[in-house]
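Q: What follows is a structure written as structure tokens; I'll ask about it next.
Every number here is computed from the coordinates shown, using simple stated rules; none is lab data. In this text the structure is predicted, and so the values were computed from the model without any measurement. Here the Cβ positions follow ideal geometry from the backbone for every residue, glycine too, while neighbour counts run over all protein chains shown.
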Amino acid sequence: MNRDIVVRFAPSPNGLLHLGHAYAAMVAHDFARERGGRFLLRIEDIDSARSRPEFVEAILADLHWLGLTWDGDVIFQSDRWDSYADAVGRLKAMDLLYRCFCTRASMRQVQEAGTQSEGPDGPIYAGTCRHLDPAFATERAQTEPYSWRLDVARAISMTGALEWLDERHGEQVIHPEKLGDVVIVPKDTPIAYHLAVTLDDARDGITHVVRGDDLFASTDIHRLLQALLDLPTPVYFHHPLLRDESGAKLAKSRDSASLSVLRTAGRSGYELVQQLRRDIFPVGISLS
Ligand code: GLU
């Protein structure tokens with residue numbers, strides 16, 4: 001076994017897995033196994049409002065059913081709050097986070113006024129709270145809920161140009177401003193996806209991040225956070241997404257395609273994975 005290679009599958013337990021997840025898990029699993037590496041399972045359950053234990057159980061049952069085995073214990077992000085708080089503190093000490101009091105409604109208004117530009121994941125935050133007077137922001141924080149956002153322009157001015165490698169898409173130069181000042185600490189939970197995933201990929205010794213093309217743009221933010229927090233940069237492999245007949249990305253809410261339904265209906269998970277390997281992995285893309 002080539003212990004140097006470590007890959008993970010990192011689902012969020014806020015819905016049932018569907019065929020797109022089976023495909024993503026299979027690609028990451030095969031990537032690790034074909035290179036003799038380790039394959040880890042990390043449950044990304046930081047969003048306590050949406051994560052549910054029954055979805056964790058369904059994920060484990062689905063992966064067993066698919067015959068995709070992982071190494072070591074299942075990792076839970078909810079066991080790691082302390083390490084997240086530490087990293088948030090470091091970013092604050094670098095003066096890279098600012099309080100944001102915007103609400104969905106106020107951001108919609110800005111959007112309707114046409115002053116917000118569109119990014120790969122939706123409208124880019126217009127920066128309304130970026131230059132609030134610190135004393136005023138501290139006072140508002142006594143009574144109003146707020147999130148903490150990353151001042152991306154300031155962060156890049158500290159790191160300079162950064163690059164990362166995608167084995168499928170080639171060498172990339174980061175443009176994290178495409179996603180704007182992302183939320184690092186949401187209003188209602190201690191940490192948001194971008195920082196948690198970056199810290200955990202480093203902590204788990206992930207050498208190759210294998211995940212879907214829907215997270216391709218996010219990697220620029222992750223690379224920036226790695227530079228700010230002195231973390232290693234893995235190699236990336238963003239795979240294509242499974243789409244339905246109309247070309248739309250498969251969504252968790254579409255219960256008809258959920259793996260649990262297929263599993264409990266007595267379908268063979270092993271055959272499903274074989275079929276995904278044979279028919280759906282796009283021609284011309286090799287894992288090795
Ligand atoms: N937890 C994320 C999700 O389910 C994926 C994280 C990642 O692969 O980077 O969308």
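Q: Ranking request for peptides 185-191, 28-34: highest mean number of other beta-carbon atoms within 10 Å first, then the rest in descending order.
A: On the way: 185-191: 17.1, 28-34: 20.6.
The peptides rank, most packed first, as 28-34, 185-191.
Q: Next up: In percent, what relative contact order does the chain have, based on Cα pairs under 8 Å that are 6 or more apart in sequence? Working shown, then result.
A: Working: 448 pairs, mean separation 73.1, N = 288.
Here the relative contact order equals 25 percent.
Q: Under Stokes-Einstein, with the Kirkwood radius over Cα pairs standing in for Rh, what whole-number D in µm²/s applies to segment 54-129 at 25 °C and 0.890 mPa s?
A: 145
Q: Dipole magnitude of the chain about its Cα centre, charges +1 at Lys/Arg Cβ and -1 at Asp/Glu Cβ only, in debye to the nearest 20? Could the numbers behind the result be given before it?
A: Working: 32 positive and 41 negative charges, 52 e Å.
Once rounded to the nearest 20, the dipole reads 240 debye.
Q: Another question about this same structure. How high is the relative contact order of segment 77-214, in percent, with contacts defined as C-alpha pairs under 8 Å that are six or more residues apart?
A: Worked out over segment 77-214, it gives 28 percent.
Q: Quick one: which residues, 5+ away or cross-chain, put their amide H under 5 Å from the amide H of residue 239? H built at 1.01 Å from N.
A: 211, 212, 213
Q: Could you point to the residue in 236, 261, 198 farthest towards the positive end of the chain's charge dipole, with +1 and -1 charges on the Cβ of Lys/Arg and Asp/Glu respectively?
A: Farthest towards the positive pole: 261.
Q: Would you mind putting 4-17, 160-173, 36-49 in packing order, based on average other-beta-carbon counts within 10 Å, highest first?
A: Output ranking for 4-17, 160-173, 36-49: 4-17, 36-49, 160-173.
Q: Isolated Cys in the chain by the 4.7 Å beta carbon test?
A: 102
Q: May I pose another question? Quick one: 3J(HN,Hα) in Hz for segment 69-74, Karplus 6.51/-1.76/1.60 with θ = phi - 60°, rounded, Gly and Pro as x.
A: Computed from phi, the couplings for segment 69-74 are 9, 10, 9, x, 6, 5 Hz.
Q: Ordered by residue, what ³J(HN,Hα) values in Hz, to whole numbers, does segment 263-274 give under the Karplus form 6.51 cos²θ - 1.76 cosθ + 1.60, where θ = phi - 60° and Gly and Pro are x?
A: 5, 6, 7, x, 5, 8, x, 4, 5, 4, 5, 4
Q: Taking only the C-alpha atoms, wrap a convex hull around segment 1-122 and report its volume per residue in Å³ as a whole number.
A: On the way: hull volume 21.8 nm³, N = 122.
Output value, Cα hull per residue: 178 Å³.
Q: Residue 17's amide H: which non-local residues (gap 5+, or another chain) put their own amide H closer than 5 Å, with H modeled 1.01 Å from N in plane and none for Pro or chain starts?
A: Distant-sequence amide H within range of residue 17: 259, 260.
Q: Report the charge-dipole magnitude of segment 82-160 in Debye, nearest 20, computed about the Cα centre from +1 at each Lys and Arg Cβ and -1 at each Asp and Glu Cβ.
A: Approximately 60 debye in magnitude.
Q: Calculate how large, on average over all directions, the projected area of the Cα convex hull of segment 177-225 is; give the answer in nm² to one decimal. The partial results should precede the final answer.
A: Details: hull surface 15.5 nm².
Mean projected area of the Cα convex hull: 3.9 nm².
Q: Shifting gears a bit: Where Rh denotes the Kirkwood radius from the mean inverse Cα pair distance, what is Rg over Rh for segment 32-77?
A: 1.03
Q: Karplus couplings for segment 79-96 from phi (6.51 cos²θ - 1.76 cosθ + 1.60, θ = phi - 60°), rounded to Hz, Gly and Pro as x?
A: After applying 6.51 cos²θ - 1.76 cosθ + 1.60, I find 7, 10, 4, 4, 5, 5, 4, 4, 5, 4, x, 5, 5, 5, 5, 7, 6, 9 Hz.
Q: What shape does segment 165-251 have by the C-alpha gyration tensor, where a ≥ b ≥ c are the square roots of the eigenvalues, rounded means a/c under 1.5, and otherwise prolate means a/b greater than b/c and oblate the rest?
A: oblate
Q: Any idea what log10 I(q)/I(0) is at q = 0.07, 0.11, 0.13, 0.15 Å⁻¹ for the chain, Debye with uniform C-alpha scatterers and no solvent?
A: -0.28, -0.70, -0.97, -1.26
Q: What is segment 91-216 by shape, rounded, prolate or oblate, if you read a ≥ b ≥ c off the alpha carbon gyration tensor as root eigenvalues and call it rounded for a/c under 1.5, prolate for a/b larger than b/c, and oblate otherwise?
A: Working: a/c = 1.91, a/b = 1.54, b/c = 1.24.
In terms of gyration-tensor shape, prolate.
Q: Across bins of 10 angstrom width beginning at 0, how are the C-alpha pair distances of segment 148-191 distributed, in whole percent?
A: 24, 40, 30, 7
Q: Let me ask another. Taking the DSSP beta bridges in the chain as the whole, what percent of them are antiparallel, to the nearest 5?
A: Close to 55 percent.
Q: Let me ask something else about it. Tell me the mean residue ellipticity at 222 nm calculated for the chain from its helices only (DSSP H runs of n ≥ 4, each -39500 (n - 2.57), averaged over every residue, nearest 500).
A: Computed mean residue ellipticity for the chain: -10500 deg cm²/dmol.
Q: Right, here's the next one. Where nothing but the Cβ of Lys and Arg (+1) and of Asp and Glu (-1) is charged, how large is the charge dipole of segment 1-101 around its Cα centre, in debye to the nearest 20?
A: 280
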